[in-house]
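A.B. asks: The structure is given below, and queries will be raised subsequently.
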Amino acid sequence: MQIRIGQEILSREALLDSAGLLVEFSKAKGDMLTWQKDEQQHDVIDLVGGFGSTLLGHNHPELVQTMQQLLSADRPMWVQGAQRPMAQQLRTVLADKLYSETQKQYQIVLLNTGTEAVEAALKHAQYEYYQRINDAQKSCAQNWREFQVRLATNHVELSDDFFCECERLLEQEPIETLDELKSAIEFRNQHAFNLPSKVAAFKGAFHGKTRGSLATTYNRDARLPFIANNPDATFIDDADEFTTKIDTWQSHYWYIEFSPLRLVKKPINQLAAVIYEPIQGEGGVVPLSASHNALLRHIKAQYPSTAIIADEIQCGLGRTGAFLESVANDTPNDYITLAKSLGGGLCKISALAVEKSRYHNEFSMLHSTTFSDDDLSSAVALKTLALLERDDIKLKTMQLGEHFLSAFNQLAQDYPDMITQVRGKGCMLGIELASFADHPSATISNLDCENVLSMAIAGYLLHKHHIRVLPSLGKRKVLRMQPSGYFDSAQIIKVVDAFRQAFDLIRSHQVAPLLSHLIHSELALTPFSKIMNHPQRDEPIATGVDKVAFISHLIDQDSLNEIDPGWEVFDEYEQEELNQHILPVTLPSILARRLVTSSTGKQIELVLFGIQMDAESIEADRRFNQAKIIRSQVHEAYRLAREEGCKLVGFGGYTSIVTNNCCDFTFNTPAATSGNALTVAASINTILSSAERHGIELSKATIAVCGAAGNIGQVHSAVLAKYCQSLLLITRAGSTSNMNKTLDIICENLYQAVDQQQTGGQLLKVCRDWLAPRLGSEEPHVLIRELKSILLARQLLVVSEQFETCKTADVIVSNTSSPTTVFTHNYIAQHKPVLISDVAVPKDVPEDIVLTRPNVKLIRGGVVNLSHNPNFTLPGMLLPSGQVYACCGETMLLGLAGTFSHFSMGALTCSQVEQVQALAAIHGFELDQEKPQNDVLQAAS
């Protein structure tokens, strides 16, 4: 089953909201927006510019006046099929302007949006190709008729040599009659006429998202869900390779010439159109390269039938300092598409300009639209063209571009670790951010890897500096800036300073002030001179070492602070709110790579994948959302581990629980293990060795197992039952069926211990006294069933839903799946030694319980000491160097043993516990670890 996750399932609004960008602006004027925030009005510098639409700024007063006058005059807007003088005037004015720029005459088609203009351009280019093929077919039919007439009137004579030459050229024999010749020519020609036309665009291109234009949009995330493996659209990267490809798209049909009589080839060029942006906008503000410009000129010269479409929707009309950027670059432009700025930032209008020599008049019938040619948008477009001319917007944008580029190039020199490149021209600019994949802050690294760091920076700039920018759609590492031609150049220094402060935060690893706007928190900055102690993520590892993976989640607030100290300034509730905000856009990430060495000398690489959800948020997801979020995150981490080349994946904490102890991956690769076997082994070994040291005689002790219905609790109970006098099984309400299974496992294990003549505690002695006379004479399952009834009746096995029952216990093992602590001092005996092994992560027992119960020895069960890896640490685990949780240790042990098959998957067995105990001894993993949760508190008690 494919589980989708992250940004691929987010709406546009949700993605913007995740960065704090989905705000409401109440007013707009020029390059300024008004934002009502926290009962205060804020002026915001708008550098998004309506994705290029507001070249004249927001609500230009003369354009507003034009609209108002037209509307108050009650002009008819929708009178299709009637004369539309305003639209005709616009077509004339625009054609005249294009002629003055190109010295070419264009036919203008008015439309509504940019993508529709591209659709119309592609359709017209296809129609041109269709007409060329249609004309060729008609010409061939007329050619054959003329051939027949010339034969009938003796103007040509057939010869054997002619037929032989036709056989050679057409690669068909025999051709000895006119019918055979006609059939061969028609067969070859029809094949050529049926060849599909081709369209090419450039890598990184964006031409729209409707079906036709989408085929030429490079962004795979936008295109592939709708158009995949399209053989008729090609994306150009290497110019020389594409030149070679064009040659394969040249075909021919056959035609008869009469003086002298011979069969000749006529060319067919399948390349109907090449569409390009002089400066790619959504692709990251990337100017057309010199090699691609030369390629277009080559196509124009060698294949003139190919329509070369200049998509000037974003860069045209003066935004770059030239009315047409294709003209400024001396690039062919048989067709030109215009939109965005044409509407003056007020109306939706676009235009397709086709060279008159190529235009087919009937196209106006083949491509029509309800809402084009209206007076309102036509009048606004006319006024826009007049303002562009009157105010010399080309000059203004060119000068502004020089100021912006000078300032941002200096910024790039000051922050070479932050900025890869500053690009653009005029008022179409972009800053490409450097890669932060190796940034010491795990948060910044993860945001960058998920392509949302640029959005986080944009959110910071908006909330903290009231500057609005957005990333490019197709290349999100690029922050785009498209001010109007009237932008106040004095504001440039404010924009640059805001970027400078954002980069200073990233440099100094200050995640909190960079993201605090998402939770409306105002934070004091940590001094930039303070160096945060980030955990080491990677360490040198030789190639060829087997890889295993471990999937973890956050334990609590301290766990997150250890992974990224930049979060320390937030309190618990702020961390939770911020986590919930960014979780939808992030995926599991690699937190660390560690080399693990066995006492045998064998080495493996451990790859730690982290999920940024803590126990409380996971439990809430389980309760209210059927664990959909955490489960999808775990499945994604498993997939990433497979891509990383890991041969085994271990699961920690809730990651095992929500996948049914890894059973989600029963029929999948790589191998999976829950870590439960070594968790139980480590806990039991510690209990057995610690009890005597603390004055507890296990053979006469009462042991309480909290969480006894769970997988780990069941095996704990079964193994410890052999050593104690009585067993308390604590479970939550509603776990009756699981408790029956636990009781069965306990009694089966006691039966086997008696049968194998093992020694142990008083409970085992009672079982031996009752079973010994009956062994061999009755069926084992009958004896086990009766044994369960007897032990329950004598209250040697007690099932309870109340933690207070633990007051009678000498030893307590706790492994619930609670997201918070479940124990208080009221649940523990006061006047005798009590040993508590807290196996749960997060912990079930609060650390300070030893202050109110000094008779308690609190140890952390399920922890393994790595004697041959004394410096081993994993971020977020909150353990001293050289220690690891047993669930992770199991993954490491199996890797060192070369056991790359499913292990502790599903129900845990006692034999699996014994197997990992043996492996631990072989590889030097110490399971007898009496590690207090808090040595200081234990000493104080």
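Only the coordinates and a few stated rules stand behind these numbers; no lab work does. Please read these numbers as outputs of a predicted model, since none were measured by experiment. Cβ sites come from the backbone with ideal geometry, for glycine too, and all protein chains shown count toward neighbours.
A.B. asks: Can you list the HN-Hα couplings for the range 847-863, worked out from phi with the Karplus curve (6.51, -1.76, 1.60; θ = phi - 60°), rounded to whole Hz and with x for Gly and Pro?
C.D. replies: Whole-Hz 3J(HN,Hα) from phi for the range 847-863: 5, 7, 5, 6, 6, 8, 10, x, 7, 8, 10, 9, 10, 9, x, x, 10.
A.B. asks: So if the hydrodynamic radius of the range 85-390 is defined as the Kirkwood radius over C-alpha pairs, what does Stokes-Einstein give as its diffusion coefficient at 4 °C and 1.567 mPa s, in µm² per second?
C.D. replies: Numbers: Rh = 21.4 Å.
Taking Rh from Cα pairs, D becomes 61 µm²/s.
A.B. asks: Another question, if that's okay. Of all beta bridges DSSP finds with both residues in the range 85-390, what is the antiparallel percent, to the nearest 5? Show your work: numbers first, answer last.
C.D. replies: Details: 21 of 35 bridges.
Roughly 60 percent of the beta bridges in the range 85-390 run antiparallel, per DSSP.
A.B. asks: Sticking with this structure for a sec: Can you compute the equivalent ellipsoid semi-axes for the chain, i.e. the square root of 5 times each eigenvalue of the Cα gyration tensor, sorted largest first and rounded to whole Å? Spell out each step's value before the answer.
C.D. replies: Values: eigenvalues 1053, 292, 106 Å².
Ellipsoid half-lengths, sorted descending, are 73, 38, 23 Å.
A.B. asks: Determine the relative contact order of the range 85-390: mean sequence separation of Cα pairs under 8 Å and six or more apart, normalised by residue count, in whole percent.
C.D. replies: Numbers: 479 pairs, mean separation 78.0, N = 306.
Once normalised by length, the contact order is 25 percent.
A.B. asks: Looking only at the chain, where both bridge partners belong to it, what percent of the DSSP beta bridges are antiparallel (to the nearest 5)?
C.D. replies: Values: 58 of 110 bridges.
Taking every DSSP beta bridge with both residues in the chain, the antiparallel ones total about 55 percent.
A.B. asks: Quick one: angle between helix 910-923 and the longest Cα principal axis of the chain, in degrees between 0 and 90, rounded to 10, please.
C.D. replies: With rounding to tens, the tilt is 80 degrees.
A.B. asks: Now for a different question. What whole-number volume per residue, in cubic angstrom, does the convex hull of the C-alpha atoms of the range 816-877 give? The partial results should precede the final answer.
C.D. replies: Working: hull volume 6.7 nm³, N = 62.
In the range 816-877, the Cα convex hull volume per residue is 108 Å³.
A.B. asks: Still on this structure, I have one more. Just want to confirm a number: the relative contact order over the chain, from Cα pairs under 8 angstrom separated by 6+ residues, in percent.
C.D. replies: About 11 percent, as a whole number.
A.B. asks: Can you pull the one-decimal nm distance between simple spin-label points at S435 and T824, each 7 Å off the Cα toward Cβ?
C.D. replies: Taking the simple label geometry, S435 and T824 are separated by 5.4 nm.
A.B. asks: To continue, here is another question. Check A200: other-chain or 5+ apart residues with amide H under 5 Å from its amide H, H built from backbone geometry?
C.D. replies: T234, A273, V274, I275
A.B. asks: For the charge dipole of the range 85-390, defined by +1 on Lys and Arg C-beta atoms and -1 on Asp and Glu C-beta atoms about the Cα centroid, which residue among Q314, L366, Q137 has the Cα displaced farthest towards the positive pole?
C.D. replies: Q314
A.B. asks: How tilted is helix 375-390 with respect to the longest principal axis of the chain? Cα atoms for both, answer in degrees (0 to 90, nearest 10).
C.D. replies: Computed tilt is about 80 degrees.
A.B. asks: Run the paramagnetic zone check for L878: 7 angstrom along Cα to Cβ, then residues of the range 631-671 with backbone nitrogen under 17 Å.
C.D. replies: 652-655
A.B. asks: From the square roots a ≥ b ≥ c of the eigenvalues of the alpha-carbon gyration tensor of the range 142-273, which class results: rounded (a/c under 1.5), prolate (a/b over b/c), or oblate?
C.D. replies: Working: a/c = 3.54, a/b = 3.15, b/c = 1.12.
Since a/c reaches 1.5 and a/b is larger than b/c, the shape of the range 142-273 is classed as prolate.
A.B. asks: Follow-up. Kindly provide the Kirkwood hydrodynamic radius of the range 338-464 in Å, to one decimal, from all pairs of distinct alpha carbon atoms.
C.D. replies: For the range 338-464, inverting the mean 1/r across all distinct Cα pairs yields 18.8 Å.
A.B. asks: Then there is this: Taking 0.36 nm per intervening residue step and subtracting the Cα-Cα distance, what contour gain separates V496 from D417 on full extension?
C.D. replies: On the way: separation 79, 0.36 × 79 = 28.44 nm, distance 1.61 nm.
Using 0.36 nm per residue and subtracting the Cα-Cα distance, I get 26.8 nm.
A.B. asks: Positive end of the dipole of the range 85-390, charges at C-beta (+1 Lys, Arg; -1 Asp, Glu), about the Cα centre: which of A272, G204, L178 has its Cα farthest in that direction?
C.D. replies: G204
A.B. asks: Could you derive backbone 3J(HN,Hα) for the range 202-208 from the dihedral phi with the Karplus parameters 6.51, -1.76 and 1.60 (θ = phi - 60°), listing whole Hz in sequence and x where the residue is Gly or Pro?
C.D. replies: 9, 4, x, 5, 9, 10, x
A.B. asks: Follow-up question, since we're still on this one. Over the Cα atoms of the range 61-158, Rg to Rh with Kirkwood Rh, two decimal places? Before the final figure, lay out the partial values.
C.D. replies: On the way: Rg = 24.2 Å, Rh = 18.7 Å.
Checking Rg against Rh, the ratio lands at 1.30.
A.B. asks: Using the beta-carbon distance between Q757 and R794 and R0 = 22 Å, what value does 1/(1 + (r/R0)^6) give for FRET efficiency, to the nearest 0.05? Please report the intermediate quantities before stating the final value.
C.D. replies: Numbers: r = 23 Å, r/R0 = 1.03.
Working from the Cβ atoms, E equals 0.45.
A.B. asks: Using only the Cα atoms of the range 2-96, what do you get for the radius of gyration and for Dmax, in Å?
C.D. replies: 20.1, 58
A.B. asks: So if I place +1 on the C-beta of Lys and Arg and -1 on the C-beta of Asp and Glu, and nothing else carries charge, what would the dipole magnitude of the chain be about its Cα centre? I want it in debye, nearest 20. Provide the component values of the computation, followed by the final result.
C.D. replies: On the way: 81 positive and 107 negative charges, 109 e Å.
Dipole magnitude for the chain comes out near 520 debye.
A.B. asks: Could you tell me the calculated FRET efficiency between N451 and W770, based on Cβ-Cβ distance and R0 = 51 angstrom, to the nearest 0.05?
C.D. replies: The formula returns an efficiency of 0.15 here.
A.B. asks: Before rounding to the nearest 500, sum -39500 (n - 2.57) across all DSSP H runs of length at least 4 in the chain and divide by the residue total; then give [θ] at 222 nm in deg cm²/dmol.
C.D. replies: Values: 33 runs with 384 residues, N = 941.
The per-residue figure over the chain is -12500 deg cm²/dmol.
A.B. asks: Can you give me the angle between helix 85-102 and the longest principal axis of the chain, using Cα atoms only, in degrees from 0 to 90, rounded to the nearest 10?
C.D. replies: 90 degrees
A.B. asks: While we're looking at this one, here's another question. Which order do the peptides 863-873, 611-621 take when ranked by the mean count of other beta-carbon atoms within 10 Å per residue, highest first? All intermediate terms of the calculation are to be shown ahead of the outcome.
C.D. replies: Numbers: 863-873: 18.4, 611-621: 21.4.
So the peptides 863-873, 611-621, ranked by packing, come out 611-621, 863-873.
A.B. asks: Once you place label points 7 Å from the Cα toward the Cβ at Q603 and D238, how far apart are they in nm?
C.D. replies: Result for the modelled spin labels: 3.8 nm.
A.B. asks: What is the packing order of peptides 87-96, 877-886, taking the mean over residues of other C-beta atoms within 10 Å and listing the highest first? Kindly include the intermediate steps, with their values, before the conclusion.
C.D. replies: Working: 87-96: 17.6, 877-886: 19.6.
Put in order of decreasing packing, that is 877-886, 87-96.
A.B. asks: Per residue of the range 313-323, what does 6.51 cos²θ - 1.76 cosθ + 1.60 with θ = phi - 60° give for ³J(HN,Hα)? Whole Hz please, x for Gly and Pro, Karplus curve as stated.
C.D. replies: Calculated HN-Hα couplings, in order: 4, 9, 9, x, 6, x, 4, 9, x, 9, 4 Hz.
A.B. asks: List the lysines whose alpha-carbon lies under 18 Å from that of K464, not counting same-chain residues fewer than 8 positions away?
C.D. replies: Once the sequence-local lysines are set aside, what remains near K464 is K37, K494.
A.B. asks: Something else now. Grab the other residues whose beta carbon is less than 13 angstrom from that of M86, score K and R as +1, D and E as -1, and report the net. Intermediate values should be presented prior to the final figure.
C.D. replies: On the way: positive: R75, R84, R91, K383; negative: D373, D374, D375.
Taking every Cβ under 13 Å from that of M86, the sum is +1.
A.B. asks: Follow-up. For a protection proxy built on the mean count of beta-carbon atoms within 10 angstrom, sort 478-485, 169-176 highest first, please.
C.D. replies: Order by mean packing, descending: 478-485, 169-176.
A.B. asks: Take the alpha-carbon positions of the range 526-647, form their convex hull, and give its projected area averaged over all directions (one quarter of the hull surface) in nm².
C.D. replies: Numbers: hull surface 38.7 nm².
Here the figure is 9.7 nm², rounded to one decimal.
A.B. asks: Which of N855, P819, S789 sits farthest toward the positive end of the charge dipole of the range 772-884, with +1 on the Cβ of Lys and Arg and -1 on the Cβ of Asp and Glu?
C.D. replies: Of the candidates, N855 comes out farthest on the positive side.
A.B. asks: When the chain is fully extended, how far beyond the present Cα-Cα distance does A918 get from N871, taking 0.36 nm per residue of separation? Don't jump to the answer; show the numbers that get you there.
C.D. replies: Values: separation 47, 0.36 × 47 = 16.92 nm, distance 2.38 nm.
Taking A918 through N871 to full extension adds about 14.5 nm, to one decimal.
A.B. asks: Enumerate the amide H contacts of I419 below 5 Å, restricted to partners 5 or more residues apart or on another chain; note that Pro and chain-start residues carry no placed amide H.
C.D. replies: The list, which skips near neighbours in sequence, is A434.
A.B. asks: May I pose another question? Taking the simple approach of a point 7 Å from Cα along Cα-to-Cβ for both D538 and V149, what is their distance in nm?
C.D. replies: Output for this residue pair reads 7.7 nm.
A.B. asks: For S777 and E572, what does the FRET efficiency come to when R0 = 51 Å and r is the distance between their Cβ atoms, rounded to the nearest 0.05? Walk me through the numbers before you get to the answer.
C.D. replies: On the way: r = 62 Å, r/R0 = 1.21.
Once rounded, the FRET efficiency stands at 0.25.
A.B. asks: Please go through the residue pairs K209/K647; K123/K266; K765/K857 and name each one whose alpha carbons sit more than 32 Å apart in this structure.
C.D. replies: Working: K209/K647 41 Å; K123/K266 25 Å; K765/K857 28 Å.
Violating the 32 Å limit, Cα to Cα: K209/K647.
A.B. asks: Which length gain, in nm to one decimal place, applies between E62 and T34 when the Cα-Cα distance is subtracted from 0.36 nm times their residue separation? Provide the component values of the computation, followed by the final result.
C.D. replies: Details: separation 28, 0.36 × 28 = 10.08 nm, distance 2.05 nm.
Gain in length upon complete extension: 8.0 nm.
A.B. asks: Taking amide H positions as placed 1.01 Å from N in the peptide plane, with prolines and chain starts having none, which residues 5 or more places from Y253, or on another chain, fall under 5 Å of its amide H?
C.D. replies: K266, I268
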